[in-house]
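All remarks here apply to the structure that follows.
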Amino acid sequence: MDFETVIGLEVHAQLLTDTKIFCSCSTQFGAAPNSHACPVCLGMPGVLPVLNKKVVEYAMRMALATHCAINPQNVFARKNYFYPDLPKGYQISQYAYPLAEHGYIMIDTGEGSRKIGITRIHMEEDAGKLIHDDHNPASYVDLNRTGVPLIEIVGEPDIRSPEEAAEYLRRLHEILVYLDICDGNMEEGSFRCDANVSIRPRGQKEFGTRTELKNMNSFRNVQRGLEYEVRRQQYLVENGEKIVQETRLWDDAQGVTNPMRSKEEAHDYRYFPDPDLVPVVVDEAWVADIRAGMPELPQAKRERFVNDYQIPAYDAGVLTADKALAGYYEDVVKLCGKPKIASNWVMGDVMKFLNEDKKSIRECPVSAKSLADMIGLIEEGTISGKIAKEVIADMYATGRTPQEIIREKGLVQITDEGALAKTVAAIIEANPGQLADYRGGKEKLFGFFVGQVMKATQGKANPQMVNDLLKKMLALRQAQDDID
Amino acid sequence: MELHQFTIHALQEKIRNGEVSALQIAESVFSRIDAVEGRIHSYIRLMKEEAMASAARADEGIQKGDIQPLTGIPIALKDIVCTRGIPTTCGSRMLHQFVPPYNATAVEKLAAAGAIFVGKANMDEFAMGSSTETSYFGPTRNPWDLERIPGGSSGGSATAVAADECIASIGSDTGGSIRQPAALCGVVGMKPTYGRVSRFGLIAFASSLDQIGPLTKDVEDCAIMMNVLAGYDPKESTSVKAEVPDYRQFVGRDIKGWKIGIPKEYFIDGIDPEVSAAVAKTIETVRQCGASIVEISLPHTKYCVAVYYIIAPAEASSNLARYDGVRYGFRAADARDLSEMYQKTRRQGFGAEVKRRIMIGTYALSAGYYDAYYGKASQVRALIRRDFDEAFARCDVVLTPTTPTPAFKIGEKTDDPLQMYLSDIFTISANLAGIPGISVPCGFSTSGLPIGVQFLAGHFEEGKLLQAASAYEKSAAVEKRRPAL
């Protein structure tokens with residue numbers, strides 16, 4: 001049977017505010033357990049939440065970036081359930097009146113660009129963390145994460161394959177990071193994803209029974225988890241078995257999904273408006289203010305790179321995947337004025353070195369200025385492209401300027417025609433056998449002579465001049481012989 | 001007259017004149033407590049040591065001319081307001097050893113105004129009750145008849161004032177918990193407008209209804225307390241940034257030409273005839289003060305109790321979820337796993353009435369029932385509020401009985417929650433509408449039990465309440481009696 005896959009994703013993103021959503025505790029990750037936990041975090045009797053306005057502003061940025069309509073009045077609600085990492089016995093979230101609704105983002109698929117709907121974006125507080133003692137029957141609660149602001153981005157079931165799901169996530173992730181509202185760190189849990197997945201015979205309108213997947217902490221695992229789950233559901237249907245609506249956990253080590261214990265998901269959250277908070281009123285002036293402060297988003301940047309710099313869409317995609325990388329690239333272009341050459345160097349050598357060292361562009365020892373200077377030196381013929389490879393490796397390793405390296409290593413290109421002509425003549429003289437073969441028709445040996453000249457000049461000879469001189473002198477030889 | 005029998009304003013004058021010291025007042029109050037507390041049980045905890053130290057400090061200030069609005073005045077705090085370093089139990093086993101690391105804003109304000117804290121007053125567990133019988137620490141008795149309840153949930157706050165075990169107190173009012181015990185104990189009690197007094201540090205029962213307010217010996221003292229308590233608090237999101245007038249200016253003004261609204265829905269069958277008679281007399285007195293009487297209608301009154309007993313338990317079921325034995329408070333011993341720890345802790349830590357309300361509230365919010373219960377109740381609540389908006393377009397204040405009967409016997413209604421709930425029938429509407437209300441004494445039953453009358457006004461019109469109550473208090477021929485203890 002031919003099946004269609006239907007996927008909807010729920011993404012939780014931690015916002016990068018300095019303080020928590022309902023108190024003034026720090027949101028810093030990695031502090032000693034419970035060192036960022038005040039009476040509000042602990043859910044002590046009588047204490048009250050006060051909303052951090054920054055959280056609303058950050059969430060509004062995401063809402064605008066994903067073309068959502070912002071609700072002029074949105075309301076915090078309590079999601080009630082018992083768990084030791086949830087101090088109040090309820091999570092303050094939004095339910096009936098979320099911050100924003102009805103948005104979308106565009107993703108690239110094999111068949112072109114596609115719109116994926118965003119149902120809603122709402123604000124909520126994160127829960128704490130349980131630490132289980134491996135040696136004793138005890139668990140400990142760390143409430144540092146309690147009250148760290150989150151936005152939940154609920155997507156429409158518009159995704160049709162695990163690859164599309166991963167692509168959608170990458171795009172969302174990219175936008176969040178571009179907006180400077182989330183660090184996007186999946187391992188530390190700043191960007192988390194749950195997936196709803198079902199299958200249906202192609203052409204059928206109704207959705208099949210869905211399962212919810214949790215515990216996938218990388219783009220790759222989201223794709224793997226979904227691929228597994230789709231296969232599992234197909235197997236069930238093809239064998240006449242029923243798909244059970246349930247929550248399943250992705251087991252990375254085994255590469256399978258397993259059902260959560262049903263008791264853990266048997267929740268009736270009893271949502272109701274939180275009487276301790278007043279509705280968040282968002283007027284048009286506030287929205288306009290946030291809109292005015294929005295940075296350029298990845299999609300727009302890609303289009304601008306293609307149009308303004310005349311670089312291929314592929315290059316624009318690679319360069320804009322990371323906001324800092326795009327900024328670096330633009331700095332180089334501004335300084336050297338050679339967009340395509342700059343993109344080759346950034347995407348080639350610079351990214352190769354960074355990837356080898358698992359470093360980000362922020363940690364790159366080669367400044368945009370140095371790279372631009374190096375490109376300038378190639379352009380004006382001071383060094384050859386080949387020498388530049390050596391120079392940039394040195395720049396990366398030592399952080400020195402290209403001028404410094406070229407001066408110290410004596411790498412300035414030989415462009416003195418008289419000197420080069422002597423070398424070329426000497427090489428021809430020194431290799432009579434190759435010369436004879438060349439003249440006998442083995443034209444490939446031209447490369448041999450170029451190589452010998454470059455070797456003799458330690459690569460410093462201007463390649464174009466070597467080519468020209470060789471051609472000229474070999475032709476001259478031929479002419480002389482013909483005369484003889 | 002002994003010092004503990006005086007009002008705030010009388011004592012203030014004596015302090016200013018140098019007639020008495022804060023220590024003398026505190027000593028007088030604690031000697032009174034020694035004499036009567038064993039019979040009444042107003043307090044869960046006395047703070048004598050701290051109080052004496054505060055009084056000594058107050059006297060040093062007085063010597064230097066530093067006299068604040070409550071300097072040297074012994075005040076009782078309902079044990080629902082958090083006091084830093086002092087156990088705050090909420091009348092529950094769940095919190096019987098809980099020591100907050102912070103003060104309620106109201107406590108901070110009282111302390112800054114020079115108040116001397118006498119102790120933490122007894123109350124119904126988590127403020128759920130109308131008789132102070134559900135306290136984990138045992139019931140409080142009405143000073144006018146020790147066989148009877150003092151009302152609740154702020155029973156201890158009311159009896160401490162009535163029996164002169166303090167000069168004034170604060171309570172909290174979610175459905176009448178200040179006004180009802182004030183009426184049954186013959187003192188003045190005010191529930192301010194929702195948002196007027198900070199709820200920060202007030203242990204939540206029903207967050208959209210809870211409000212802290214004073215219980216005092218007369219209306220002027222109520223105004224003095226409100227001057228200290230009222231005001232915006234950045235620590236509370238529902239706190240309102242409305243200007244706070246000097247409430248004392250309303251005391252002693254007349255009410256000539258005022259329109260007093262009498263809602264026909266509040267004068268129903270089943271009201272004790274002596275209460276009816278006392279209120280009728282009050283209406284006559286108010287008329288003689290130069291006010292005119294207008295009959296008004298609050299058509300949704302009959303739904304108040306039903307709406308209240310959905311909204312309050314619903315919020316409570318969520319507010320009380322934090323008492324799970326994980327971080328603070330009571331934790332049951334011998335639990336084998338997490339779920340058992342939750343169950344045993346909450347089974348042993350909460351009393352029957354609290355559990356009943358958690359069950360009702362959980363049910364009302366459950367999937368499939370929300371719309372029919374909580375959703376519908378919220379809609380009717382909006383109608384109740386509109387009733388009052390319309391009423392206050394026609395009158396300055398509304399006058400009603402505070403309670404349908406005088407104080408009932410201890411144990412009389414403990415087995416009949418519905419009867420118990422009906423004792424708040426006249427006070428609940430103010431909480432649902434968010435408006436202020438005050439109860440002032442308006443007479444005694446033939447058996448010598450106090451009766452109260454309630455005035456209600458529009459949002460942030462506490463001044464009007466004080467003016468009406470003070471005008472009435474001045475001209476009423478209410479006999480000044482003291483409980484015979």
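Values quoted throughout were computed directly from the atomic coordinates according to the rules given, and no laboratory measurement underlies them. Since the model is a prediction, treat every value here as computed from it, not as a measurement. Cβ sites come from the backbone with ideal geometry, for glycine too, and all protein chains shown count toward neighbours.
List of remarks:
- Mean partner shielding of peptide B:323-332, defined as the number of other chain Cβ atoms within 10 Å of each residue Cβ, is 4.
- Prolate/oblate/rounded label for segment A:128-249 (Cα gyration tensor, a/c 1.5): oblate
- Each peptide among A:180-190, A:291-301 gets the average number of other Cβ atoms lying within 10 Å of its residues, and from highest to lowest they stand as A:180-190, A:291-301.
- Across the options A:Q464, A:G441, A:I483, the greatest Cα extent toward the positive end of the charge dipole of segment A:417-483 (unit charges at beta carbon of Lys, Arg, Asp, Glu) belongs to A:Q464.
- Mean-position separation - Cα centroids, segment A:183-204 and segment A:71-99, in angstrom: 22 Å
- Solution diffusion estimate, µm²/s, Stokes-Einstein, segment A:417-483, Kirkwood Rh from C-alpha pairs, 37 °C, viscosity 0.692 mPa s: 276 µm²/s
- The angle between the Cα long axis of helix A:445-456 and the longest principal axis of the Cα atoms of chain A comes to about 80 degrees, rounded to the nearest 10.
- Residue-by-residue Karplus 3J(HN,Hα) for segment B:53-65, coefficients 6.51, -1.76, 1.60, Hz, glycine and proline x: 5, 5, 5, 5, 5, 4, 4, 4, x, 4, 4, 8, x
- For segment B:406-412, 3J(HN,Hα) computed residue by residue from phi via the Karplus equation (6.51, -1.76, 1.60; θ = phi - 60°) reads x, 4, 9, 6, 4, x, 5 Hz, glycine and proline entered as x.
- Over 24 Å between alpha carbons, listed pairs A:K53/B:K241; A:K422/A:K460; B:K78/B:K344: B:K78/B:K344
- Between the helical axis of A:162-178 and the longest alpha-carbon principal axis of chain A there is an angle of about 90 degrees.
- Measuring how big segment A:297-433 is from its alpha-carbon positions, Rg and Dmax come out at 17.9, 63 Å.
- Gyration tensor (alpha-carbon) shape descriptor, segment B:3-251, a/c threshold 1.5: rounded
- Orientation-averaged projected area, Cα convex hull of segment B:416-485 (nm²): 6.5 nm²
- Each part reduced to its alpha carbon centroid, segment B:246-291 and segment A:297-322 end up 77 Å apart.
- 16 Å Cα-Cα reach of B:K474 towards aspartates and glutamates, excluding residues that sit fewer than 8 places from it in its own chain: B:D218, B:E220, B:D221, B:D254, B:E284
- Cβ crowding within 10 Å averaged over residues, with B:174-181, B:256-263 ranked highest first: B:174-181, B:256-263
- Residue order for B:R481, B:R336, A:R304, fewest other beta carbons within 10 angstrom first, comes to B:R336, B:R481, A:R304.
- Partner aspartates and glutamates for A:K79 [C-alpha distance under 13 Å; skip if fewer than 8 residues away on the same chain]: A:E124, A:E125, A:D126, A:D268, A:D274, B:E315
- Electrostatic dipole magnitude of chain A [Cβ: Lys, Arg +1; Asp, Glu -1; Cα centre; debye, to 20]: 480 debye
- Among the listed pairs A:K54/A:K115; A:K214/A:K352; A:K54/A:K88, those whose Cα-Cα separation exceeds 31 Å are A:K214/A:K352.
- Nonlocal amide H pairs with B:V294, under 5 Å, H built at 1.01 Å: B:I260, B:G261, B:I262
- With semi-axes defined as the square roots of five times the eigenvalues of the C-alpha gyration tensor, the equivalent ellipsoid of segment B:339-436 measures 32, 22, 10 Å, largest first.
- Centroid-to-centroid separation of segment A:128-173 and segment B:126-193 [C-alpha atoms, Å]: 49 Å
- Amide H to amide H, with H built 1.01 Å from N, A:G208 comes under 5 Å of A:I199, counting only residues 5 or more places away or on other chains.
- Within 10 Å of each Cβ in B:311-321, the average number of Cβ atoms from other chains: 4
- Cα long-axis angle, helix A:323-336 against chain A (0 to 90 degrees, to the nearest 10): 30 degrees
- Taking the convex hull of the alpha carbon positions in the protein assembly as shown and averaging its projected area over all directions gives 55.7 nm².
- Normalised Debye scattering of chain B at q = 0.13 Å⁻¹ gives log10 I(q)/I(0) of -1.18, counting only Cα atoms as equal scatterers and leaving out solvent.
- Residue-wise HN-Hα coupling along segment A:471-479, computed from phi with Karplus coefficients 6.51, -1.76, 1.60 (Hz; x: Gly, Pro): 4, 4, 6, 5, 5, 4, 3, 4, 5
- For segment B:142-228, the fraction of alpha-carbon pairs in successive 5 Å shells from zero, as %: 3, 18, 27, 24, 17, 8, 2, 0
- Working note: Cα atoms of segment A:3-288, range along each principal axis, descending, whole Å: 56, 55, 32.
- Exposure proxy for B:S429, A:S35: other Cβ atoms within 10 Å of each Cβ, ordered fewest to most, give A:S35, B:S429.
- Relative packing of B:139-146, B:110-117, A:145-152, which averages over residues the other C-beta atoms within 10 Å, highest first: A:145-152, B:139-146, B:110-117
- Remark: mean inter-chain Cβ contacts per residue of B:90-99 equal 1, using a 10 Å Cβ-Cβ cutoff to other protein chain atoms.
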